[in-house]
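A.B. asks: This is the structure, below, for whatever I ask next.
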Amino acid sequence: MLGRVVRLSSLRRAVQVISAVVSNFYLKGFAQLGIYQGPAKYACVPFLNCYSCPGAWAACPVGAMQALLAAYKHQFSFYIAGLLTVVGGATGRLVCGWFCPFGLVQEILGRFSSRKLVIPRLLTRFKFIILALTLLLPVLLVGETGVSSPYFCKFICPAGTLEAGVPLGLGRPELRSVLGGLFSWKLAVMVFFLVASVFTFRPFCQTTCPLGAFYALFNRISLWRIEVNSDRCVSCGRCRAVCPLAIDVPDRPNGGDCIRCLECRDACPTGALAFTRAPVFPDAVVGGRETN
Amino acid sequence: MQYNNEAQRRVQRTRKGLLKFCGAEVCIVMSRRLSFVLILTGLLMFGLGLMRGEALLVMQKAVRICLECIGLG
């Protein structure tokens, strides 16, 4: 009922801001250019938020998983995988749309241009390759010492560069003096995604984020999902028009690209769309309304 | 069955497809059960990870500055 009273898009923006602030509220870290080292780092946030960000009080699931996979024992973390499975199984990519701070940054940059390019479907599949490499490379590409690297964090993650690399790398003189080619590469990747965010909606989330790819696997089968009431739908096309990811909502309401921003739900003039725990086809064969 | 609009036709096609595949009722029940099974599996994995002391390992990694993240790797 809340959704019918409050525009979910406004609520979502508030939740995004609160999430970004709460997950990075260790202000002392920014002041001293250090990182939080307290017991809250036992916990993982379910979204991409670099644990080396001066403000971060919890661990990043991708960073922590990779760090464990890359360590000498190459240990897979059931703790992190379980957390992500619970979150994904419950709501799919809702976390991407509502809680991810880097998603918020991309969306804010997107406001500088009203014209948005649509990323080809094939390119959005790239994130699944990144997910596979994120999990496999730290185990397969091991150095002589038996230790590997968190390759996604090392070569790609623009959230890590923005949240940790820029403030710590440029802010601390002893780190700044040893920055080299790798930092330049990471900076270039970050700038690429930030600039691309102006012209297309959340390019990193659509094409590259391994966490988004993992949650995308759950979108169709998550407990809470978007339901289309076909009796109410008048095929006006507004849901398709407002969808920032250009998803054909009546056809694929729970496609892997959907980050559950629920703009479509707000735009629907007849209330045919709902984000709910209801069965897949509430009024179909089970409801018995359909008698042919 | 009269279809009022294109959306109904689409959903109807999907329903028929599902019925052919496994029966719509079964699909509905299976779909919801699958969600619960996934969440339960996730909880079990989370618990297993806690028992294996992985939270401590995560913390030990997360309290150190990740040089790779910064670009010093």
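A.B. asks: Pairs under 6 Å by beta carbon, first residue at pLDDT below 90 in segment A:226-243, partner surrounded by fewer than 16 Cβ atoms within 10 Å (Cβ to Cβ), six or more apart or different chains?
C.D. replies: A:227/A:276; A:227/A:278
A.B. asks: How many residues are surrounded by 14 or more Cβ atoms within 10 Å (Cβ to Cβ) and aliphatic (A, V, I, L, M) when one looks only at segment A:128-138? Walk me through it before giving the result.
C.D. replies: First, the residues of segment A:128-138 that are surrounded by 14 or more Cβ atoms within 10 Å (Cβ to Cβ): A:128, A:130-131, A:133-135, A:137-138.
Next, from what is left, pick out any that are aliphatic (A, V, I, L, M): A:130-131, A:133, A:135, A:137.
Residues that pass the stated criteria total 5.
A.B. asks: So if I check each of A:26, A:51, which one is more than 30 Å from residue A:266 (Cβ to Cβ) and within 16 Å of the chain's Cα centre (by Cα)? Talk me through it step by step, then tell me what you get.
C.D. replies: Numbers: A:26 fails: within 16 Å of the chain's Cα centre (by Cα).
On inspection, the qualifying residue turns out to be A:51.
A.B. asks: Let me ask you something else. Could you grab me the full set of residues in segment A:28-50 that are under 15 Å from residue B:65 (Cβ atoms) and of a type in the set (A, V, I, L, M, F, W, C)?
C.D. replies: Listed by number, the residues that qualify are A:30, A:33, A:35, A:50.
A.B. asks: Which condition number does residue A:158 fail, the rest of (1) more than 15 Å from residue A:214 (Cβ to Cβ); (2) over 18 Å from the mean Cα position of the chain (by Cα) being met?
C.D. replies: (2)
A.B. asks: Kindly provide the set of residues from segment A:61-85 that are buried (at least 21 other Cβ atoms within 10 Å of the Cβ) and within 8 Å of chain B (Cβ to nearest Cβ), ordered by number. First the steps, then the outcome.
C.D. replies: Step one: filter segment A:61-85 for residues buried (at least 21 other Cβ atoms within 10 Å of the Cβ), giving A:61-70, A:77, A:79-85.
Answer for segment A:61-85, where residues must be buried (at least 21 other Cβ atoms within 10 Å of the Cβ) and within 8 Å of chain B (Cβ to nearest Cβ): A:63, A:64, A:67, A:68, A:77, A:79, A:80, A:81, A:82, A:83, A:84, A:85.
For (1) under 19 Å from residue A:66 (Cα atoms); (2) modelled with pLDDT of 90 or more, each residue gets a yes or a no:
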| position | (1), (2) |
| --- | --- |
| B:5 | no, no |
| B:16 | no, no |
| B:30 | no, no |
| B:33 | no, no |
| B:53 | yes, yes |
| B:68 | yes, no |
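A.B. asks: With segment A:175-252 as the region, which helices (runs of 4 or more DSSP H) entirely inside it contain at least 1 residues that are over 17 Å from the mean Cα position of the chain (by Cα) and charged (D, E, K, R)? Can you show your working first?
C.D. replies: Details: elements: A:181-199, A:203-207, A:210-216, A:238-242.
Per the criteria, A:181-199, A:238-242.
Here's the yes/no breakdown for (1) under 30 Å from residue A:33 (Cβ atoms); (2) at pLDDT 85 or above; (3) facing chain A (nearest Cβ under 7 Å):
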| residue | (1), (2), (3) |
| --- | --- |
| B:23 | no, no, no |
| B:26 | no, no, no |
| B:39 | no, yes, yes |
| B:43 | no, yes, yes |
| B:46 | no, yes, yes |
| B:60 | yes, yes, no |
| B:65 | yes, yes, yes |
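A.B. asks: Tell me, which helices (runs of 4 or more DSSP H) lie completely within segment A:87-127 with 3 or more residues that are out of contact with any strand residue (DSSP E or B) (no Cβ under 9 Å at 6 or more places or on another chain) and crowded, with 19+ Cβ neighbours inside 10 Å?
C.D. replies: A:94-98, A:101-110
A.B. asks: More than 26 Å from residue A:57 (Cβ to Cβ), at pLDDT 95 or above and among the small types (Gly, Ala, Ser): does that describe residue A:246? First the steps, then the outcome.
C.D. replies: Values: more than 26 Å from residue A:57 (Cβ to Cβ): yes; at pLDDT 95 or above: no; among the small types (Gly, Ala, Ser): yes.
Considered against the rule, which asks whether it is more than 26 Å from residue A:57 (Cβ to Cβ), at pLDDT 95 or above and among the small types (Gly, Ala, Ser), residue A:246 comes out as no.
A.B. asks: Filter segment A:245-263 for residues that are among the aliphatic types (A, V, I, L, M) and more than 20 Å from residue B:35 (Cβ to Cβ); which is farthest from the other protein chains (Cβ to nearest Cβ)?
C.D. replies: Step one: list which residues in segment A:245-263 are among the aliphatic types (A, V, I, L, M), which gives A:245-247, A:249, A:259, A:262.
Applying the additional criterion that residues be more than 20 Å from residue B:35 (Cβ to Cβ) yields A:245-247, A:249.
Working: A:245: 19, A:246: 17, A:247: 14, A:249: 10 Å.
Per the criteria, the residue is A:245.
The values are calculated or read from the model by the stated rules, or taken from the named source; none is laboratory data. Note that the structure is predicted; figures quoted are calculated from it, not measured. All Cβ positions, even for glycine, are placed from backbone atoms using ideal geometry, and neighbour counts span all protein chains on display.
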